[in-house]
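Structure record follows, encoded as structure tokens.
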Amino acid sequence: MALTHRITLANIRLAYDPTSCSPTQHTEAFVVFYFPFTHCGTTVQVAGDQLIYENWLVSGIHIQKGPQGSITRDSTFQLHVRCVFNASDFLPIQASIFPPPSPAPVTQPGPLRLELRIAKDETFSSYYGEDDYPIVRLLQEPVHVEVRLLQRTDPNLVLLLHQCWGAPSANPFQQPQWPILSDGCPFEGDSYRTQMVALDGATPFQSHYQRFTVATFALLDSGSQRALRGPVYLFCSTSACHTSGLETCSTACSTGTRQRRSSGHRNDTARPQDIVSSPGPVGFEDSYGQEPTLGPTDSNGNSSLRPLLWVVLSLPAVALVLGFGVFVGLSQTWAQKLWESNRQ
């Protein structure tokens, strides 16, 4: 388009938005504006089946001021920009949405990495290492036991204890055995009932832990009822429960108020179970530092009478020694008196 009057291209602006939408490029010969239809103050109208977009390009004038007035040598410029589109030319977008595949289930059958360890005191703040075993305890002294899940960060995963017991070797099926926990609760046939220990609030992932305290005991031979020589190994059968929805993984033990975590039903034997054991055994001593010999009878039925028999047999010997001492003392006294009377 040829112009018959001069304009300064550097002064051209969009009339509806002169400050925000500057030219993207300009020279002495041309000026370029680049922007979407709906920006820079562009108006849009719908007329029948047409869409009309409009904007204005205008140029300012350079004003020179003198002592008695002002002048300009620039011509004014206005350009009406109008773009018309047929609405029927717009085609609808057809799209198919493919959702991502569902994530893998959080719970699935498989082995659990577990650890059974013994704490040094009732605070469970420090634990014995593998080099500390066997741990020696007096009979009836407490042993503080903890079972925990390793390398798990799911807060809905709950560790379950099913059965815990003591055995005379590292073989969990070795006989004889003594139950410590039965179906996750303290064994009711024990006069020194196992005590379940609640976790403190500072322990992360508390559902991944189970703690209890058991009194040290000695396993007896099933025939002679004598204490078996050697330490006691601790074992627990475990599984994991995943809480979801209304399932709480909790049920009450038959005695006491403590809540035992379980699968929410009594069919615990249906779920896979893992057996975990202590790194080493717990040894025991009686109050005199000797392994106890327990039981009312020996193989002949007279074990408990042997100490009494020794006492009975020792009484005559003690009386004989005392009598001999008295006789010697009296003889010396009589001899002394006879010697003194002869001197007189």
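Below is a table of values for the structure above.
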quantity: Residue, most open to solvent (accessible area, probe 1.4 Å), within segment 182-200, restricted to residues that are out of contact with any His (no Cβ under 9 Å at 6 or more places or on another chain) and in a strand (DSSP E or B); calculated: Gln195
quantity: Failed criterion for Pro179 (all others in (1) within 22 Å of Tyr209 (Cα to Cα); (2) over 26 Å from the mean Cα position of the chain (by Cα); (3) open to solvent by less than 30 Å² (accessible area, probe 1.4 Å) hold); calculated: (3)
quantity: Any hit, segment 99-115, residues being modelled with pLDDT of 85 or more, of a type in the set (Val, Ile, Thr) and open to solvent by 70 Å² or more (accessible area, probe 1.4 Å); calculated: no
quantity: Qualifying residue in segment 215-230 (condition: open to solvent by 70 Å² or more (accessible area, probe 1.4 Å) and modelled with pLDDT of 90 or more); calculated: no
quantity: Matching residues in segment 201-218 - criterion: being in contact (Cβ under 8 Å) with a residue 40 or more places away in the chain, under 29 Å from Leu149 (Cβ atoms) and not in a strand (DSSP E or B); calculated: Phe205, Ser207, His208, Thr216, Phe217
quantity: Qualifying residues in segment 19-58 (those that are exposed (fewer than 15 other Cβ atoms within 10 Å of the Cβ) and in contact (Cβ under 8 Å) with a residue 40 or more places away in the chain) - the one farthest from Val81 (Cα to Cα); calculated: Val46
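The values are calculated or read from the model by the stated rules, or taken from the named source; none is laboratory data. For clarity, every value in this text was computed on a predicted model and none was experimentally measured. Don't worry about glycine lacking a Cβ; one is built from the backbone with ideal geometry, like all the others, and counts go over all protein chains shown. The protein model used for the area step is the full one, side chains on, heavy atoms only, and it has no ligands, DNA or RNA in it. Shrake-Rupley method; radii C 1.70, N 1.55, O 1.52, S 1.80 Å.
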